[in-house]
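Chemist: I have a structure here, written as structure tokens, and I will follow up with some questions on it.
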Amino acid sequence: MSGPLLEVTGLHKSFEKHHVLKGIDFSVERGERVAIIGGSGSGKSTFLRCLNFMETLSKGTITLDGQRIGTTGSNGTITYPERQLCDVRERLGMVFQQFNLFPHMTVLQNVMEGLVTVKKLSKERARDIAIRELAKVGLAEKHDAWPSRLSGGQQQRVAIARALSMEPEVLLFDEPTSSLDPELVGEVLRVIRDLADEGRTMLLVTHELGFAYHFATKVIFLADGVFHEVGTPDEVLKNPKQAKTQEFLRRFGEFAF
Ligand SMILES: Nc1ncnc2c1ncn2[C@@H]1O[C@H](COP(=O)(O)OP(=O)(O)OP(=O)(O)O)[C@@H](O)[C@H]1O
Ligand SMILES: [Mg+2]
């Protein structure tokens, strides 16, 4: 199918009186890697959560591979059938800052869970896929471990294997390394870089600006509820045009490209 894989038009999100996202138009082509940067509380997580409908939109539309999400009724209101939202969440795999593994399941069970309960695969087939994905993130030796016995970097790699096992068309990463000790950041970024080399479509919210520079095909600076500046890594991270972007980058100080 031609056209963007993911398209957002006029997206607004408010939490009661707090207007967080104020009109976002955005599209992602297949194979694009988008880094989203911005200050704390600017709405980066909210944006990702709206994309896979973990948050309801206050206004706007999201189209995935040419198909508009939601059904418009005769009075113009949009409803979101749960089945369609489950489908969207399968197609947009999410990796969270806090890993969100099931603590009462082993590593292997964590990766198998969605395959069995959502994709309805047999346990044998789910197990084969889970073993394959865990090997990819370098955790072939940890099948029977409990999440609490793993380092943060290992837990995050399990979470990535779990997301990958569902074969999503887009991967959404919300600050995947920001709760990790500095010495564990590299192992997770390496996995994300390998995924980039495979040509996957990805959106990454991050404060790792040096990584974002090499990773991204497009960088977005989110401020004041809008995409304040959008461009290539060179344009946004090295030669930002907007004063606000310049100020944000200055606060980060020097970062290694
Ligand atoms: N469920 C919610 N209810 C009410 N307010 C919320 C909710 N989720 C987020 N907010 C508010 O929306 C704003 C944007 O939050 P969000 O978590 O998206 O920011 P962020 O850019 O991801 O920040 P950080 O870099 O700290 O993760 C914040 O002011 C936050 O308090
Ligand atoms: Mg956030």
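Chemist: Starting from the exponent 0.38 and prefactor 2.2 Å, build the expected Rg for the stretch 89-210 from its residue count and divide its actual Cα Rg by it.
Modeler: On the way: Rg = 13.4 Å, N = 122, 2.2 N^0.38 = 13.7 Å.
That works out to 0.98 for the stretch 89-210.
Chemist: Taking amide H positions as placed 1.01 Å from N in the peptide plane, with prolines and chain starts having none, which residues 5 or more places from GLY60, or on another chain, fall under 5 Å of its amide H?
Modeler: Distant-sequence amide H within range of GLY60: HIS12.
Chemist: Could you work out the relative contact order of the stretch 6-253, using alpha carbon pairs under 8 angstrom and six or more residues apart, expressed as a whole percent?
Modeler: Rounded, it is 26 percent for the stretch 6-253.
Chemist: Per residue of the stretch 130-137, in order, report the coupling 6.51 cos²θ - 1.76 cosθ + 1.60 (Karplus, θ = phi - 60°) as ³J(HN,Hα) in whole Hz, putting x for Gly and Pro.
Modeler: In residue order, the calculated couplings are 4, 4, 5, 5, 5, 5, 4, 9 Hz.
Chemist: Write down the percent of antiparallel bridges among all DSSP beta bridges whose residues are both part of the stretch 6-253, to the nearest 5.
Modeler: 55 percent
Chemist: Please compute the per residue accessible area over the stretch 87-135 with all protein chains in place, 1.4 Å probe, rounded to a whole number of Å².
Modeler: Values: 2500 Å² over 49 residues.
For the stretch 87-135, the solvent-accessible area averages 51 Å² per residue.
Chemist: May I pose another question? Normalised by the residues of the stretch 140-257, what does the relative contact order come to in percent, with Cα pairs under 8 Å and at least six apart?
Modeler: Relative CO of the stretch 140-257 lands at 19 percent.
Chemist: Using mean Cβ contacts within 10 Å as the protection proxy, how do 135-147, 51-63 order, highest first?
Modeler: 51-63, 135-147
Chemist: So what is the calculated 222 nm ellipticity per residue for the chain, using -39500 (n - 2.57) for each DSSP H run with n of 4 or more, over all residues, to the nearest 500 deg cm²/dmol?
Modeler: Estimated from H runs of four or more residues: -10500 deg cm²/dmol.
Chemist: In addition: What is the percent carbon and sulfur in the accessible area of the stretch 6-253, measuring with a 1.4 Å probe over the protein chains and ignoring ligands? Show your work: numbers first, answer last.
Modeler: Working: 5510 of 11620 Å².
Carbon and sulfur: 47 percent of the exposed surface of the stretch 6-253.
Chemist: Where the convex hull is taken over the Cα atoms of the stretch 6-253, what is its projected area averaged over directions, in nm²?
Modeler: Details: hull surface 57.4 nm².
Hull-based average projected area comes out at 14.4 nm².
The values are calculated or read from the model by the stated rules, or taken from the named source; none is laboratory data. Note that the structure is predicted; figures quoted are calculated from it, not measured. For neighbour counting, all protein chains shown are included, and Cβ atoms are generated from backbone atoms with ideal geometry for every residue, glycine included. Note: areas computed on protein heavy atoms with side chains; ligands, DNA, RNA excluded. Shrake-Rupley method; radii C 1.70, N 1.55, O 1.52, S 1.80 Å.
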